[in-house]
Amino acid sequence: MIIGLLGFGTIGAGVYEIIKERGAAEVRYVLDIREIGIPELTHNMEDILADSEVDTVVEVMGGLHPAYEFVTAAMKAGKSVVTANKYLVATFYDELIALAKEMGVAFRCTAAVGGGIGWLTALEKAKRAERITALEGIMNGTTNYILSNMKEKGLSFETALSEAQALGYAEADPSADIDGLDIMHKVMLSANVAYDVSVKKEELFVAGIRTITDEDVKAFGEKGLTCKILGSAFENDGAVAAFVQPTLLPADSMTASVPANFNLISYEAEHSGKMSFFGQGAGRYPTAANAVQDCLDLAAGKKEFYTNESKQIALSNDKVSYRYYIRTTAKSAKALCKEPFGPGYLTEKMSVAEMQAAMVKIKAEDEKVFIAALAE
Ligand code: HSE
């Protein structure tokens, strides 16, 4: 296997090192705009496209552009693609799968969800044998690092975020982490693979943790609860619900205990029941190792994407309900606030779709609103 590596940042440098260490393939080119002092460096994507011996492009530059242009050009030049870029794959899902198929090249993105966890390959395997009905869990290392450290060490939100950035967990723009968008992309990919669908980004309900305060965290702790931000997708009779929201869990539950940058993601399958996957969900070497796994699968002849089908569906977020914690000054939320709870209130049980609609109005009045679902 001869590789053109796109990007020499946190993940790219890890991919480069692991491939060299294992002698697993030849990295012939490393595309980066900086002068990084390695012999394989090029500033020109054309070098990679024009070299017919390069059979695989590994894209770990992140972001949508020029990653999209480079990945599609690579496929059109007959090269297989491995990427860790969830933003790219979730955004151009249908197009990239169709193009890979048309060009007869392989396309894998295991490191895009769960960092070092082989989550998408686990879903791919599970659904060969049985129907998956639910998937849920902690899918973002940065926000888990923030929430764990706010709770366990009393760190402020800002300090915990800076530490997560210094450790290389956060996205280039950490808004993607704290506003839940990174998890949204991971939920989309997971749901698409697990349920053979193609969900639409704008339909997911996404609530982040940007506005959580020390007082919220303290009040949850006093009630024996821990706040984690979860990505979820459920399937029932063809109806798929998918959303991202802070969630209050019993403090002694397995999910509540997940520390630092770790992820814990589970699926429920009709025969096997619940299966959980735990590991480092962000960071150089875990994520890079998973991208190298994809390369090795390709070298062993694996060509197929994780699913062959992608039904275009509308989400059914009206089918899943929770009681919510809500802390806001918005007048439009008054009717929802039923029971005092720490610095905020609890709502009655309401569907995710109802909360999604309510939040549009509430946010327009109060950008500091914070909500969290109360786990059943
Ligand atoms: N920013 C992401 C996270 C990187 O913190 O989980 C891994 O996808």
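How high is the relative contact order of the stretch 2-108, in percent, with contacts defined as C-alpha pairs under 8 Å that are six or more residues apart? Intermediate values should be presented prior to the final figure.
Values: 166 pairs, mean separation 26.3, N = 107.
Answer for the stretch 2-108 is 25 percent.
If a/c stays under 1.5 just call it rounded; otherwise compare a/b with b/c (prolate if a/b is bigger, oblate if not). Do that for the stretch 274-376, with a ≥ b ≥ c from the square roots of the Cα gyration tensor eigenvalues.
On the way: a/c = 2.96, a/b = 2.23, b/c = 1.33.
It is prolate, given that a/c is not under 1.5 and a/b is the larger ratio.
Can you figure out the FRET efficiency of Lys201 with Glu21, using R₀ = 35 Å and their beta-carbon distance, to the nearest 0.05?
0.40
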Check: Among Gln312, Gln293, Gln356, which one moves the most in a GNM of the chain with springs linking Cα atoms closer than 10 Å?
Finding: Gln312
Note to self: Quick query: amide H of Arg323 versus all other amide H atoms, modeled in the peptide plane; which residues come in under 5 Å with a sequence gap of 5 or more or a different chain?
What the structure shows: Met350, Leu374
Check: When a footprinting reagent is the concern and you count Cβ atoms within 10 Å, what order do Met350, Met188, Met355 take, fewest first?
Finding: Met350, Met355, Met188
Check: Cross-link list Lys101/Lys228; Lys20/Lys76; Lys125/Lys228: which exceed 30 angstrom alpha carbon to alpha carbon?
Finding: Lys101/Lys228
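What shape does the stretch 1-93 take by its C-alpha gyration tensor, where a ≥ b ≥ c are the square roots of the eigenvalues and a/c under 1.5 counts as rounded, a/b above b/c as prolate, and the rest as oblate? Mind dumping the intermediate values first?
Numbers: a/c = 1.42, a/b = 1.24, b/c = 1.14.
Because its axes are fairly even, with a/c under 1.5, the stretch 1-93 counts as rounded.
Output the relative contact order of the chain, whole-number percent, from Cα pairs under 8 angstrom with separation of 6+ residues.
Numbers: 810 pairs, mean separation 68.8, N = 376.
With pairs under 8 Å counted, the relative contact order is 18 percent.
Counting other C-beta atoms within 10 Å, which of Arg108, Arg210, Arg284 has the fewest, and how do the rest follow? Don't jump to the answer; show the numbers that get you there.
On the way: Arg108 29, Arg210 17, Arg284 21.
Starting with the residue having the fewest Cβ neighbours, the order is Arg210, Arg284, Arg108.
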Next item on the list: Helix by helix through the chain, keep the DSSP H runs that span 18 Å or more along the axis on Cα and average at least 1.6 on Kyte-Doolittle, and give those back in order.
Entry: none
Notebook entry, point to check: Taking the Cα centre of each part, how many Å lie between the stretch 1-63 and the stretch 280-326?
Noted result: 23
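Determine the relative contact order of the stretch 92-164: mean sequence separation of Cα pairs under 8 Å and six or more apart, normalised by residue count, in whole percent.
Numbers: 32 pairs, mean separation 12.3, N = 73.
Taking the mean separation of contacting Cα pairs over the length of the stretch 92-164, I get 17 percent.
Please list 33-45, 213-225, 50-62, 268-280 highest first by mean number of surrounding beta-carbon atoms within 10 Å per residue.
Numbers: 33-45: 11.3, 213-225: 15.8, 50-62: 20.2, 268-280: 14.1.
Order by mean packing, descending: 50-62, 213-225, 268-280, 33-45.
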Next item on the list: Please work out the Cα center distance from the stretch 114-150 to the stretch 186-246, rounded to the nearest Å.
Entry: 12
Checklist line | Charge dipole of the chain about the Cα centre (unit charges at C-beta), most positive-ward option of Val292, Gly78, Val197 | finding: Val197
Notebook entry, point to check: Of Lys201/Lys363; Lys338/Lys361; Lys86/Lys349, which ones are farther than 27 Å apart at the Cα?
Noted result: Lys86/Lys349
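Read-outs throughout are calculated quantities, based only on the coordinates presented, and are distinct from any laboratory measurement. Nothing here was measured: the structure is a model prediction, and the numbers come from that model. Here the Cβ is made from the backbone with ideal geometry for all residues, glycine too, and neighbour counts use every protein chain on show.
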